[in-house]
Amino acid sequence: MRSVKFFLLIAAIAFSFNGTFAQDRPAHELHSMMIYNFLKYIQWPAGKNSGEFVIGVVGAESVYETLNSWYGNKTRGDKKFIIKKLSEKDDLTQCQLLYVGKTASAKFKDVLNKIGSQPVLTVTNQNGLAQQGSCINFKVVNNRLKFELNQAAIAKSNLKSSSQLAAMAIVI
């Protein structure tokens with residue numbers, strides 16, 4: 001049932017694109033919704049998937065503000081979502097999910113080096129970053145928002161993704 005709901009959400013988002021970008025919702029809202037829904041389909045190691053669940057944002061003020069207002073300090077199951085605005089100089093291993101926006105994309109290699117093999121799901125929004133090691137990368141294809149899923153990066157981060165997520169993604 002969850003996979004059906006997620007598929008319907010992705011389909012609704014994809015069909016909302018008309019022309020160059022969605023007219024009903026700005027990109028930062030679409031990214032925020034999808035980031036939140038990705039969490040259902042990723043498994044973190046024991047001890048990293050409950051309690052305070054930290055979503056860090058680097059270089060995307062509008063995504064940070066949206067995530068914080070929609071999901072900050074809210075609970076789902078045994079997780080309490082904490083949204084943090086970070087820079088590439090901060091301790092990025094404190095997050096379970098790290099969103100790196102376009103303005104910080106040039107520093108992505110530094111971000112990856114700081115994270116190493118820690119269980120941090122990296123989500124980006126810049127062409128080519130999935131191939132450089134981002135776990136999930138947003139991409140516009142034929143005026144529709146899609147996402148790339150780098151399964152090797154997910155495995156390197158000691159995370160597991162569900163087959164339902166892979167079925168909806170552009171698998172790298």
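Here, each number is a calculation from the coordinates, and none is a lab measurement. Keep in mind that this is a model prediction, so the values were computed, not measured. FYI the Cβ positions are ideal-geometry reconstructions off the backbone, even for glycines, and counts take in every protein chain you see.
Worth pointing out:
- Residues of the stretch 141-160 that are in contact (Cβ under 8 Å) with a residue 40 or more places away in the chain and over 15 Å from the mean Cα position of the chain (by Cα): Asn143, Arg144, Asn158.
- Residue count for the stretch 129-165 under the criterion of being of a type outside the set (A, V, I, L, M, F, W, C), in contact with a Ser or Thr (Cβ under 9 Å, 6 or more places away or on another chain) and part of a loop (DSSP other than H, G, I, E, B): the result is 8.
- Candidate set: the stretch 126-172, residues that are more than 23 Å from Ala27 (Cα to Cα) and of a type in the set (Lys, Arg); chosen: the one surrounded by the most Cβ atoms within 10 Å (Cβ to Cβ): Lys156
- Within the stretch 26-55, being outside any loop (DSSP other than H, G, I, E, B) and among the hydroxyl-bearing types (Ser, Thr, Tyr) holds for Ser32, Tyr36, Tyr41.
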